[in-house]
Amino acid sequence: MEVSMTVNGSPRTDSVEPRLLLVHYLREVAGLTGTNIGCDTSSCGACTVLVDGESVKSCTMLALQADGAEITTIEGLADGDELHPMQEAFREHHGLQCGYCTPGMVMAAVSLLKEIPDPTEAQVREGLEGNLCRCTGYHNIVQAILAAAKAPARAAS
Amino acid sequence: MTAVEAAPRAGGVLGTRLRRREDPALLTGEARFVADLQVPGTLHAAFARSSVAHARIAAVDLSVARSMPGVVAAYSGADLSDEWSPLPCAWPVTADMKSPVHLPLAVGKVNYVGDALAVVVATSEYAARDAADAVVVDYEPLPAVVDLEDALSDRVVIHEDLGTNSSYTWELNPDQGAVDSAFAAAAHVVSARYVQQRLIPAAMEPRGVLVVPQPFGGDYTIYSATQIPHILKVMLALTAGVEETRLRVVAPSVGGGFGSKLNVYAEEVAALVLARKLRAPVRWVEERSEGAQSTIQGRGQVQHIELAAAADGRVTAVRVRLIADMGAYLQLVTPGVPLLGAFLYSGVYDVPAYSFSCTAVFTNKTPTDAYRGAGRPEATYAIERAMDALAAEVGVEPVEIRRRNFIPPEAFPYSSVAGLVYDSGNFVGALDKAVGLAGYEQLRADQARRREAGDRVQLGIGVSSYFEMCGLAPSRVLASLNYSAGGWEAATVRVLPTGKVQVVTGTAPHGQGHETSWAMIAADRLGISPEDVDVLHSDTAIAPYGMDTYGSRSLAVGGTAVHLATERVLDKARSIAAHQLEVAEEDLDYAAGAFSVRGTPEKAMPLAGIAFEAFTAHNLPEGMEPNLEASTHWDPPNFTFPFGTHIAVVEVDTETGAVRLVRYIAVDDCGNQVNPLIVEGQIHGGIVQGAAQALWEDAAYDADGNLLSASLMDYLVPSAAEVPSFETGSTVTPSPTNPLGVKGVGEAGTIGSAPAVLNAVVDALSPFGVPDITMPATPERVWRAIREAQEARK
Amino acid sequence: MIPAPFEYCRPTSVEEALGMLGEGGEDAKLLAGGHSLLPLMKLRLAAPSLLVDIGRLRELSYVRDAGDALRIGALTRHRDVETDPLVAEHAPLLAHVAGQVGDPQVRHRGTIGGSIAHGDPASDLPAAALALGATFEVVGPGGSKRSIAAGDFFQGFLETSLAPGEILTEIVVPKATGAGWSFQKFNRRAQDWAIVGVAAVRNGSTGIGLVNMGSVPLRATAVEEALAGGASVEEAAAHAADGLAPPADLNASPEYRAHLARVLVRRALEEASSRHG
């Protein structure tokens, strides 16, 4: 079936099998492999992307369900060579090690700050309940998000 | 030796919190993991796996699978048995160790749920998965062996040709008489049985492999999500029967390992064999639930530990008996894992007598192998839990019992009763600092107040003073333990004609930040910016020699190799500079990337200029080879021994049994720190993995050998919402084992934290008289323990 | 894991959806946010032949003030229920519970109707609906309409009184403005399903819904009756597991669940009383 959506600002139309998951569409059809797959039970959040500006686990959505939507993946976050403030904060605070959960974690964090622009530590931690990281122990991820919230350039934008 | 704060060395880059160069690619999605690689014409493999724990295979019917759309081929184990040799086990710990034949695809019999028995290759991943589901297997079920003590009984023997479920018994018994007399004379004896539940390493990136053949050249490039590209190349050559010169192994971006990617897996061998057979690129990417069963698991031990102590609580002997769960087969280093703990059951304590024995058994479960800490967390858990039990027995504080038994700082280098020489340590220094950071007295006062008030939510404070052996390892020591490989590491440093520096390392980072740290090591010595140093790794065509990354070895061995190769480059540069400046080498100073003549600083040659001279080779000292490059293969003289004290604070809801980790204080000493930012990150992540063993994670099997927690829905890897921020500190006691004075930090956090958290839980419950909780301390277990203790008191 | 193949259609109205669902027959399934169904399909525990994607029927996404009740469109997402001012004012329990479902990503996609129609005993929203005495509006083939009380809706494990071809369109929640309320969700990780959950509303009478205490979402009738008979909170809560057969799984035995239900019901009632306007 035909599906059309805007991915990182570029409209595209493709023919897909109905069962094709959004994450596979993004990775294999659109060639955007930055969005990772870490589980098969909607548990880990590695595949988090923004659908119409909100965080969604792209492994739990059919590509067809995104018809007409605006999708932002990790590849669409930076502005040219300039990292998005959230990416910058993750780097500054060593909020990543192996980097596999990172794209999903960053997208979840961007969505979180849209909803709660100035969160407490507890709100950040609860807001990340759907994203698992095995390397960092979350300490520096939380620090990065708290710092991004304070950054002059709005990290949620 | 005294504890000192980690501080950047004046003028140098070592010890600074340099931001990681790895990050931009990882933060923007540009980094390429195996599953991201796209090669035209790639075929996708999917495996059919046993759904039963123990059975004879009566028949494997591939006819439906073969007929499905997109399917190129389907094979059973029997179809491919001429294509490969059994998977390797590189650690035959005893001469009489029993090791079953372990083929990439099972033939005749399956021995655990998840045992691969057929493979389907198709033009898409979806088609391959559909077809693998359509493989029909006719099983003749056999009783499953799940429990370790039951396995020992040989009631059902899994590998009939071996005649027993016991793989080996390994003993370390330097002086049995001393142990016996210590127990006979003991004023206090603590005897405990602890269960190390199985854990799933759960690196966030599942495993994956892509083999790209060149059908007319006979060469294969293997891209694998592995920690060990170098070892894998050797082992693939041996198991798949391909000349090593025809293999190139690349570990691209690798998303964590924790030991789970320190192996030679069936799927890697199968992908190579299939690519050879089908003359096409073949890719396999693991699914999470598949990996829970087919990737190695960690821990899996029953520990019996006994302490003998004098009236004042001084430990006089430690006796340990282990049963270790090998799972259904021996993977690469499965049998050796308990041995890595065997030397550590006396902990940080001055123990005069020691006896250890381990019996390893086969069960109908996923094979175990090295998981973050590998043997050392188990040992540390046992001794640190037992020390708390001893404290209770003697009637002193947990902190006090440790102080009374620590090896004193002045005793280093210290020859341990288990036969190791500990390089350096200041255990009391780390303890004092942790106690200070925690506000220990205040915590105890708060605890007393809650106890007195009979609060529903009680406070628990747990202390763990750990240490571990890492920097794996002196090759001769590995030989004495029958490990089949060495423990050296290789490095090459070259200064290119433009003055930029390339470091080639045999380590294989997968999150540890070696590109940043190795650049810092070389740059610091060369007096240049780390930005001018590039680090190459994880590709056997670029870095032909290496022993890879595991066992907290990379910095102490690989980082030291980089340092030594840099020294050699400088030596050569010095010779060239002396030759061209026409002075003696001794008259040259080296600073800020240039040699200058002492007393005449305007006579100078920058490193870049020397490199260009070495490149043109127009005017080199007589007999000197061109180019500015040097290599080392460094074999360390000893292990390194990081240590520290961790303090966990938990709140236990005594009504529901819920445990909340509210504070965590960690003081770690890993010797000199190259990059404290990275050190802290390693500690943070390690703490959560250890706390997860204490509170959440459990690879639980039912009596039929089914894994009950095969997804991340049921296997409870904690999220940010379950853990607090951490309060960390460090002391610095340099290791004399290597010129950098470094120890290693990759596993320390995990080793220290499980006992700290469990000690805290048991501490919270001490008013109820609860002596122990089996890990993980689930709410139900805590609730039951309280209830049983209350009933026992009635 | 990937779902088995299926056909897919996307109606543009409820009428069209009813038609497609009818044509699809027994193996057709409605797809709303997909956060109950797709995970089951990936595990191949569900393999519908046809998915009727009603996810964008905006006509079913709303919260309306209907005098003594709120009318909430079945396709209103958890996040929208959580943040809706009308819900916050008149059914704060529901707003709070919607904010406890799964994780933020789930709440951005999952819908209140999808969650209720799935009928999962481990799910949070059915318990809230029971506690609040909600009613579900349903349309069937040919546009026939009926109302089902929450208490009559949950029939068996993942089974509801929705007939094949019917669509849940609206959740009607009696206003509980100023009522005391509490939701006690007990789990080991924030993102997990409740091991046991208790939703309670005290507004003169008391409504209590239980999560994961049986094969269906349940009302704690024994507790409600005890309270109505004048029992204290403490006494009434002791009846929380009376007559129930809670499930056994990795996280809890039936015995422990029964204990948790008693503790959590007591806590819920205490908190609801303390909140009582």
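Below, the figures for the structure above:
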read-out: 19 Å cut-off, amide nitrogen to a point 7 angstrom out along C:LEU244 Cα→Cβ, residues in the range C:173-192; value: C:181-189, C:192
read-out: Alpha carbon convex hull of the range C:120-199, volume per residue in cubic angstrom; value: 104
read-out: Apportionment of accessible area to carbon and sulfur, the range C:180-275, percent (1.4 Å); value: 48
read-out: Interface area, A with C, accessible, probe 1.4 Å, both sides summed, Å² nearest 100; value: 2700
read-out: Label point distance in nm, B:ARG246-B:ALA178, each placed 7 Å from Cα along Cα→Cβ; value: 5.5
read-out: Fully extended contour minus Cα-Cα distance, from B:ASP702 to B:GLU585, at 0.36 nm per residue; value: 35.0 nm
read-out: Chain-alone versus full-assembly comparison, the range C:175-194, residues with accessible loss of at least 30 Å² (1.4 Å probe); value: C:PHE186, C:ARG188, C:ARG189, C:ALA190, C:GLN191
read-out: Given B:LYS109/B:LYS365; A:LYS57/C:LYS42; B:LYS572/B:LYS743; A:LYS114/A:LYS150; B:LYS233/B:LYS261, the pairs whose alpha carbons are separated by over 18 Å; value: B:LYS572/B:LYS743
read-out: Solvent exposure, largest accessible area first (probe 1.4 Å, DNA, RNA and ligands not counted), of C:THR76, A:THR72; value: A:THR72, C:THR76
read-out: Fraction of accessible area attributable to carbon and sulfur, the range A:2-76 (%, probe 1.4 Å); value: 43
read-out: Accessible area per residue, Å², the range B:75-177 with all protein chains present, probe 1.4 Å; value: 39
read-out: Computed label-point distance, nm, for sites C:LYS145 and B:ASP312 using a 7 Å Cα→Cβ extension; value: 8.7
read-out: Largest-first principal axis extents, alpha carbons of the range B:246-285, Å; value: 33, 20, 18
read-out: Globularity index of chain C, i.e. its alpha-carbon radius of gyration over 2.2 N^0.38 Å; value: 0.98
read-out: At R0 = 56 Å, FRET efficiency that the Cβ-Cβ distance of B:GLU410 and B:SER766 yields, to 0.05; value: 0.95
read-out: Once exposed loop GluC sites (Glu not before Pro) are cut out (DSSP; at most 12 other Cβ, 10 Å), longest piece of chain B; value: B:244-581
read-out: Interface residues, the range C:94-137 - accessible area loss of 30 Å² or more versus chain alone, probe 1.4 Å; value: C:ASP103, C:PRO104, C:GLN105, C:HIS108, C:ARG109
read-out: Interface size B-A, as summed buried accessible area [1.4 Å probe, Å², nearest 100]; value: 4300
read-out: Residues B:ALA25 and C:THR12, FRET efficiency given R0 of 51 Å [Cβ-Cβ distance, rounded to 0.05]; value: 0.70
read-out: Average projected area [Cα convex hull, the range C:61-174], square nanometres; value: 6.5
read-out: Which of B:LEU581, B:PHE362, B:THR94, positive extreme of dipole for chain B (C-beta unit charges); value: B:PHE362
read-out: Nonlocal amide H pairs with B:ASN263, under 5 Å, H built at 1.01 Å; value: B:GLN227, B:ILE228
read-out: Descending semi-axes in whole angstrom, ellipsoid equivalent of the range A:2-76, from the Cα gyration tensor; value: 17, 14, 11
read-out: With eigenvalues of the C-alpha gyration tensor scaled by 5 and rooted, the range B:1-119, Å; value: 46, 27, 12
read-out: Per-pair calculated FRET efficiency, R0 = 41 Å: B:ARG568 and B:SER357 via Cβ, rounded to 0.05; value: 0.35
read-out: Taking only Cα atoms of the range A:85-150, radius of gyration then Dmax in Å; value: 10.2, 28
read-out: Pairwise centroid distance, computed over Cα atoms, of the range C:156-220 with the range B:229-294, Å; value: 49
read-out: Nitroxide proxy distance, nm - points 7 Å out along Cα→Cβ at A:LYS150 and B:ARG56; value: 7.0
read-out: Spatial separation of Cα centroids for the range B:475-534 and the range B:82-103, in angstrom; value: 32
read-out: Å² of accessible area per residue within chain C, as computed with a 1.4 Å probe and no ligands counted; value: 36
read-out: Chains C and B, summed buried accessible surface - 1.4 Å probe, Å², nearest 100; value: 2200
read-out: log10 of Debye I(q)/I(0), alpha-carbon scatterers only, for chain B at 0.07, 0.08, 0.11 Å⁻¹; value: -0.54, -0.70, -1.23
read-out: Percent accessible area from carbon and sulfur atoms, chain B, protein chains only, probe 1.4 Å; value: 52
read-out: Euclidean distance of C-alpha centroids, the range A:1-70 and the range B:400-465, integer Å; value: 50
read-out: Hydrodynamic radius by Kirkwood, which averages 1/r over all alpha carbon pairs of the range C:162-246, in angstrom; value: 14.6
read-out: For the range C:31-66, residues shielded by at least 10 square angstrom of accessible area compared with the chain on its own, probe 1.4 Å; value: C:LEU31, C:HIS35, C:LEU38, C:PRO39, C:LYS42, C:LEU43, C:ARG44, C:ASP53, C:ARG56
read-out: P(r) of the protein assembly as shown over all Cα-Cα pairs, binned every 10 Å from zero, in whole percent; value: 2, 9, 17, 22, 21, 16, 9, 3, 1, 0, 0
read-out: Nearby aspartates and glutamates by direct alpha-carbon distance to B:LYS794 (threshold 13 angstrom, same-chain neighbours under 8 apart not counted); value: none
read-out: B:SER517 accessible area, 1.4 Å probe, all protein chains in place, Å² to nearest 10; value: 10
read-out: Per residue value of the accessible surface for the range B:488-634 (all protein chains in place, 1.4 Å probe), Å²; value: 38
read-out: Of every Cα-Cα pair in the range B:561-703, the percent that sits beyond 26 Å; value: 56
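The values are calculated or read from the model by the stated rules, or taken from the named source; none is laboratory data. As the structure is a computational prediction, the values presented were derived from the model and not from experiment. All Cβ positions, glycine included, derive from the backbone under ideal geometry; neighbour counts span all protein chains shown. Only protein heavy atoms, including side chains, enter the accessible area calculation; ligands, DNA and RNA are left aside. Shrake-Rupley method; radii C 1.70, N 1.55, O 1.52, S 1.80 Å.
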